[in-house]
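Beneath this line is the structure, given in structure tokens, with notes to follow.
The values are calculated or read from the model by the stated rules, or taken from the named source; none is laboratory data. Computed from a prediction, not measured in an experiment: that's the story for all the values here. Note: ideal-geometry Cβ built from the backbone for every residue, glycine included; neighbour counts use all protein chains shown.
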Ligand code: NAD
């Protein structure tokens, strides 16, 4: 196991589940002390105690939530996200706004909150959990696609401003990853169309990917840890697909 992050402190939002939890584990294994930030208190505490880190139970859509979090971190992983599927004409405006708050405004506030300490130390790593939907659209995902495209822009601005201070900022763009968020979508589609779950995965979720397999959260976490390593010091402002060839087509 590498120890690239010995002595470093990381903060992962949505760190209690799925990709975020895999990031918490991988960053800790690489030597970092990790702040686990999640609205789910019990699971955040379980994740933090597993890796000897700290749990922070906050709803990132609430005003003032970010100010209650530590700002002295070396690594920031903006990962928390939710999904809502509806046609544009029926898309609830309050849900649209909530998704922008969680997936664009909270990352902006967290970058703003943590940059001064990164600048002071002359080193920092910001990783923004985007998606293929930050690079491509899908029908019925107006809020998610809009938010991920916004996060792409924010990540690039942070890269340009952070460069002279030793801070990199990048997006990771996964295709479908085996997490509770995606399990729920598979169950819903399988029930709606009365087909087996495997058919939903291959023919609905992965129809645009060349590799017809769900990605594992640990694979995404490995890329996140690599982006935080000294070997990735020249990688900034990038958006790195981990999508089984989806965006190659
Ligand atoms: P998940 O549902 O397993 O985990 C998301 C976590 O975010 C949960 O622990 C949840 O409690 C937390 N969260 C939700 N709302 C919050 C709030 N208001 N405040 C604080 N925490 C909150 O989801 P996941 O699949 O691991 O997704 C993580 C990120 O990866 C998301 O940004 C998602 O868009 C992105 N992503 C996921 C996939 C996929 O296929 N699973 C693909 C591409 C991108």
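Do any residues in the range 176-192 that are free of Cβ contacts under 8 Å to residues at least 24 places away in the same chain and over 19 Å from residue 244 (Cβ atoms) have Cβ atoms under 7 Å from those of residues that are within 14 Å of the ligand (Cβ to nearest atom) and part of a helix (DSSP H, G or I), where the two are at least six apart or on different chains, and which pairs are they?
Going by the 7 Å Cβ cut-off, the qualifying pairs are 190/200.
Can you pull out the residues in the range 189-224 that are assigned to a helix (DSSP H, G or I), at pLDDT below 95 and within 14 Å of the ligand (Cβ to nearest atom)?
Within the range 189-224, 189, 200, 201, 204, 205 qualify.
I'd like the residue in the range 1-43 that is in a strand (DSSP E or B) and within 12 Å of residue 228 (Cα to Cα) and, out of all such residues, is nearest to the ligand (Cβ to nearest atom).
10
For the range 89-108, state whether one or more residues are touching a strand residue (DSSP E or B) at 6+ places or on another chain (Cβ under 6 Å), touching a residue at least 12 places away in the same chain (Cβ under 8 Å) and either within 24 Å of residue 226 (Cα to Cα) or in a loop (DSSP other than H, G, I, E, B) (or both).
Among the residues of the range 89-108, at least one is touching a strand residue (DSSP E or B) at 6+ places or on another chain (Cβ under 6 Å), touching a residue at least 12 places away in the same chain (Cβ under 8 Å) and either within 24 Å of residue 226 (Cα to Cα) or in a loop (DSSP other than H, G, I, E, B) (or both), which makes the answer yes.
I'm trying to understand the selection: among the residues of the range 51-60, which are farther than 21 Å from residue 101 by Cα and surrounded by 14 or more Cβ atoms within 10 Å (Cβ to Cβ)?
The answer is 51, 53, 54, 55.
Identify all residues within the range 61-90 that are more than 17 Å from residue 130 (Cα to Cα) and crowded, with 16+ Cβ neighbours inside 10 Å; write none if there are none.
61, 65, 66, 69, 71, 73, 74
Determine which single condition residue 136 fails, assuming it passes every other condition in (1) within 14 Å of the ligand (Cβ to nearest atom); (2) under 19 Å from residue 60 (Cβ atoms).
So residue 136 meets the others, but not (2).
Of these, 186, 126, which one is under 21 Å from the mean Cα position of the chain (by Cα), more than 13 Å from the ligand (Cβ to nearest atom) and surrounded by 14 or more Cβ atoms within 10 Å (Cβ to Cβ)?
The conditions single out 126.
May I ask you to list the residues in the range 230-246 that are touching a strand residue (DSSP E or B) at 6+ places or on another chain (Cβ under 9 Å) and either part of a loop (DSSP other than H, G, I, E, B) or surrounded by fewer than 16 Cβ atoms within 10 Å (Cβ to Cβ) (or both)?
The answer is 233, 234, 235, 236, 237, 238, 243, 244.
Could you please tell me which pairs satisfy a Cβ distance under 6 Å, a separation of 6+ or placement on different chains, a first residue in the range 199-212 that is within 17 Å of residue 183 (Cβ to Cβ), and a second residue that is surrounded by 15 or more Cβ atoms within 10 Å (Cβ to Cβ)?
Partner pairs satisfying both residue conditions: 200/186; 200/189; 200/190; 204/189; 205/176.
For residues in the range 69-83 being within 12 Å of the ligand (Cβ to nearest atom) and at pLDDT 95 or above, which is nearest to residue 181 (Cα to Cα)?
82
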